[in-house]
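Nothing in this text is a laboratory measurement; each read-out follows from the coordinates by a stated rule. Here the structure is a predicted model, which means the values were calculated and not measured. Backbone-built Cβ (ideal geometry, glycine too); neighbour counts: all protein chains shown.
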Amino acid sequence: MPCDGSYMNPSQRETDSLFICKRIVFLFKKLNFPIPKRIVEAADSLYGDVENLDENVAILCGVIRQMKKEQVDSIIYNARSKESRDLANWWEEHQEADSKRKNGKQTVEEKETFSKLFSILSKLSQEEFDILSSFK
């Protein structure tokens, strides 16, 4: 019988990465944002995208911070959707971790950067986004 690695489970970081990529796909679909190809591929894999985990967390966090309260309530705090509840739980844990790390202060530069990112993403077509995301 040939050897294989089917008995091996993903590491915690790989599991976290997969979770984040799936939440980005979920949120971007709800917001009608184009989804980066690498994130779609990572969300469909078993191991996520560990190399870009911190960047992906920053993307997810930044987009949520720029959402209107009504969007947050209808997308993230939709109790009828398991994906929404998962995202809401992550978001609350993430905010708490950010608060501890930054003592509750987001820099003006970060706010401006994520505001610009949110604005740009909402205007791109899927083709434009794929071209842009192909550059590292």
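Among the listed pairs LYS22/LYS100; LYS30/LYS123; LYS29/LYS68; LYS29/LYS82; LYS22/LYS69; LYS22/LYS116, those whose Cα-Cα separation exceeds 19 Å are LYS22/LYS100; LYS22/LYS69; LYS22/LYS116. In order along segment 24-37, the Karplus-derived 3J(HN,Hα) couplings, from 6.51 cos²θ - 1.76 cosθ + 1.60 at θ = phi - 60°, round to 5, 4, 4, 5, 5, 5, 5, 8, 6, 8, x, 9, x, 4 Hz, and Gly and Pro are given as x. Applying 1/(1 + (r/R0)^6) with r as the Cβ-Cβ distance of CYS3 and GLU112 and R0 = 41 angstrom yields a FRET efficiency of 0.20. Computed 3J(HN,Hα) for segment 71-85, one whole-Hz value per residue from the Karplus formula 6.51 cos²θ - 1.76 cosθ + 1.60 where θ = phi - 60°, is 5, 4, 5, 7, 9, 7, 9, 8, 5, 7, 10, 4, 4, 5, 4, glycine and proline marked x. Shape class of segment 12-133 from the Cα gyration tensor (axes a ≥ b ≥ c, square roots of the eigenvalues): rounded, since a/c falls below 1.5. Applying 1/(1 + (r/R0)^6) with r as the Cβ-Cβ distance of LYS37 and SER119 and R0 = 25 angstrom yields a FRET efficiency of 0.70.
What ranking of CYS61, CYS3, CYS21 emerges when the number of other C-beta atoms within 10 Å of each C-beta is taken as an exposure proxy, fewest first?
Working: CYS61 19, CYS3 5, CYS21 26.
In order of increasing Cβ crowding within 10 Å: CYS3, CYS61, CYS21.
Angle of helix 53-66 to the longest C-alpha principal axis of the chain, folded into 0 to 90 degrees and rounded to 10: 30°.
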